[in-house]
Amino acid sequence: MIYENISLKKYNTFCLNIKADRLVTFKLEENAIRYFRNNSGSAERRLVLGGGSNLLFLGDFHGTVIHPEIEGISLEEKKEDYVIIASGAGIEWDRLVEQTVNYGFGGLENLSLIPGQVGAAPVQNLGAYGVEVKDTIEKVRAISLSDGSVREFSNEECGFGYRDSIFKKDLKGKYLITKVWFRLTTKPKLSLDYGSLKEEMNKLGVNSLSNVRKIVINTRLSKLPDPRVLGNAGSFFKNPIVDNVTAENLKRKYPRLPVFRDSYGNNKLAAGWLIEQCGWKGKRKGDAGVSDKQALVFVNYGNAKGRDILDLSEEVRKSVFEKFGIDLEREVEVVNPI
Ligand SMILES: Cc1cc2nc3c(=O)[nH]c(=O)nc-3n(C[C@H](O)[C@H](O)[C@H](O)COP(=O)(O)OP(=O)(O)OC[C@H]3O[C@@H](n4cnc5c(N)ncnc54)[C@H](O)[C@@H]3O)c2cc1C
């Protein structure tokens, strides 16, 4: 379907009242291939938009927004130890997680309740509660926006890193991901080392995938503002990675500073803590604010513009730099109007 001059308010979780010149949706991969082939060499500005839960629009988008609505979750292979599940890019991420947990397939349970579509999961290597989606992705199918050619990327070719992949670097804005294959285990080993997961599991008594999902959902609901109620895009900044010397120096000065080791062996600081220490938690400037539940989340109280949220985030970034010497890097992607 093609829509002209359309509001993107329901397509971005900051609930910003902005428009796109054109929105093109695809229910079938073949239609996307045909569209990009027929428009090969076009100079139109394009943006692939999933659930809009990691984007901050600074104004109307003058160009074509591509929105995949490709459905379908299928069991592609079943072995004793693992299964391969394929999912269309347009499936809501949490619907996939729920189904895999219901079937008893392990790997995605810690990633429950993250907004967005399956197609975006490999782009930023979705992660939460000590787990990253890269550990389950078998391969990714994508269509070139410039000529409609189809390419499959193995896990290695995706170039995954912390909230990073080839789709955010060399291939940024070049492909529409249409399908993702996941390798999930039939003999789940639960990942409970993060935060209070183990403690909460002990309270429930039974170690199971569905209980991990339940705990993650409850924790998220209690700690993060719900974008259906209060516009936001989750963590606005990445947790900064620092070398050993910096981590030790900061820890000496601020003994309560949370420093943890990630799966890449890096020292990671809690960006939310740094922001909170600068006094920003719950602060508001007009309709742009820093959440009172989690200082790493910026919110739209109603009529904020993208620019208001960006300006506030820059003030926060500056004060964190002045106090701790740490330059926060944005996790949310800013989309300029032109
Ligand atoms: C309340 C809340 C909590 C969150 N918690 C987490 C969390 O715990 N961990 C985490 O990692 N993230 C989290 N996020 C951020 C966000 O949900 C994820 O980054 C999610 O993967 C984005 O999916 P999306 O479909 O909304 O992508 P969008 O925001 O629409 O797009 C993000 C990027 O991916 C590209 N893209 C999207 N779909 C495709 C596709 N099919 N093909 C090619 N490129 C595509 C876009 O062009 C853009 O560059 C949270 C967000 C919110 C609002």
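The values are calculated or read from the model by the stated rules, or taken from the named source; none is laboratory data. As the structure is a prediction and not an experimental result, all values here were calculated from the model. Every residue, glycine as well, gets a Cβ built from its backbone with ideal geometry; the counts of neighbours run over all protein chains shown.
Scanning region 167-180 for residues that are surrounded by fewer than 20 Cβ atoms within 10 Å (Cβ to Cβ) and not in a loop (DSSP other than H, G, I, E, B) turns up just one, LYS168. Looking at this structure, is ASP164 free of Cβ contacts under 8 Å to residues at least 24 places away in the same chain and under 24 Å from GLY52 (Cα atoms)? No, not satisfied. Of everything in region 228-282 that is hydroxyl-bearing (Ser, Thr, Tyr) and more than 30 Å from LYS10 (Cα to Cα), the residue that is surrounded by the fewest Cβ atoms within 10 Å (Cβ to Cβ) is TYR264.
Exactly one residue among LYS223, LYS251, LYS198 is over 30 Å from ASP81 (Cα atoms), modelled with pLDDT under 95 and not assigned by TED's automatic domain parsing to the domain that holds GLN294, and that residue is LYS223. Pairs are defined by a Cβ separation below 7 Å, a sequence spacing of at least 6 or placement on different chains, a first member in region 325-338 that is more than 15 Å from PHE14 (Cβ to Cβ), and a second member that is β-branched (Val, Ile, Thr) and more than 10 Å from the ligand (Cβ to nearest atom); the pairs so defined are ILE326/VAL320; LEU328/VAL320.
A quick yes/no check of all residues on (1) in contact with a helix residue (DSSP H, G or I) (Cβ under 8 Å, 6 or more places away or on another chain); (2) in a loop (DSSP other than H, G, I, E, B); (3) surrounded by 22 or more Cβ atoms within 10 Å (Cβ to Cβ):
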{"position": "VAL299", "(1), (2), (3)": "no, no, yes"}
{"position": "VAL316", "(1), (2), (3)": "yes, no, yes"}
{"position": "PHE321", "(1), (2), (3)": "no, no, no"}
{"position": "ILE326", "(1), (2), (3)": "yes, yes, no"}
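Condition check ((1) within 30 Å of PHE36 (Cα to Cα); (2) in contact with an Asp or Glu (Cβ under 7 Å, 6 or more places away or on another chain)) across all residues:
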residue	(1), (2)
GLN99	no, no
GLY104	no, no
LEU113	no, yes
VAL123	yes, no
LYS134	yes, no
SER144	yes, no
ASP147	yes, no
VAL150	yes, no
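LEU224 fulfils the conditions (1) without any contact (Cβ under 8 Å) to a residue 60 or more places away in the chain; (2) within 16 Å of the ligand (Cβ to nearest atom); (3) under 21 Å from LEU312 (Cα atoms) except for a single criterion, (1). Can you say whether VAL101 is of a type in the set (A, V, I, L, M, F, W, C), over 22 Å from LEU28 (Cα atoms), touching a residue at least 60 places away in the same chain (Cβ under 8 Å) and part of a strand (DSSP E or B), as far as the supplied structure shows? The answer is no for VAL101. All conditions in (1) surrounded by 15 or more Cβ atoms within 10 Å (Cβ to Cβ); (2) outside the structural domain of ASP81 (by TED's automatic domain parsing); (3) away from the ligand (no atom under 12 Å from the Cβ); (4) outside any loop (DSSP other than H, G, I, E, B) hold for SER191, with the sole exception of (4). Screening SER146, SER112 for residues that are under 13 Å from the mean Cα position of the chain (by Cα), of a type outside the set (D, E, K, R), more than 19 Å from GLY265 (Cα to Cα) and more than 9 Å from the ligand (Cβ to nearest atom) leaves exactly one candidate, SER112.
Looking across region 178-201, the residues that are under 20 Å from the mean Cα position of the chain (by Cα) and β-branched (Val, Ile, Thr) come down to THR178, VAL180.
What's the total number of residues in region 55-105 that are more than 19 Å from the chain's Cα centre (by Cα), under 20 Å from CYS15 (Cα atoms) and of a type in the set (Asp, Glu)? Residues in region 55-105 being more than 19 Å from the chain's Cα centre (by Cα), under 20 Å from CYS15 (Cα atoms) and of a type in the set (Asp, Glu): 1 in total.
In region 131-140, is there at least one residue being within 30 Å of ASN17 (Cβ to Cβ) and of a type in the set (A, V, I, L, M, F, W, C)? No, region 131-140 contains no residue that is within 30 Å of ASN17 (Cβ to Cβ) and of a type in the set (A, V, I, L, M, F, W, C). LYS214 meets each of the listed conditions (1) at pLDDT 95 or above; (2) of a type outside the set (Ser, Thr, Tyr); (3) part of a loop (DSSP other than H, G, I, E, B) apart from (3).
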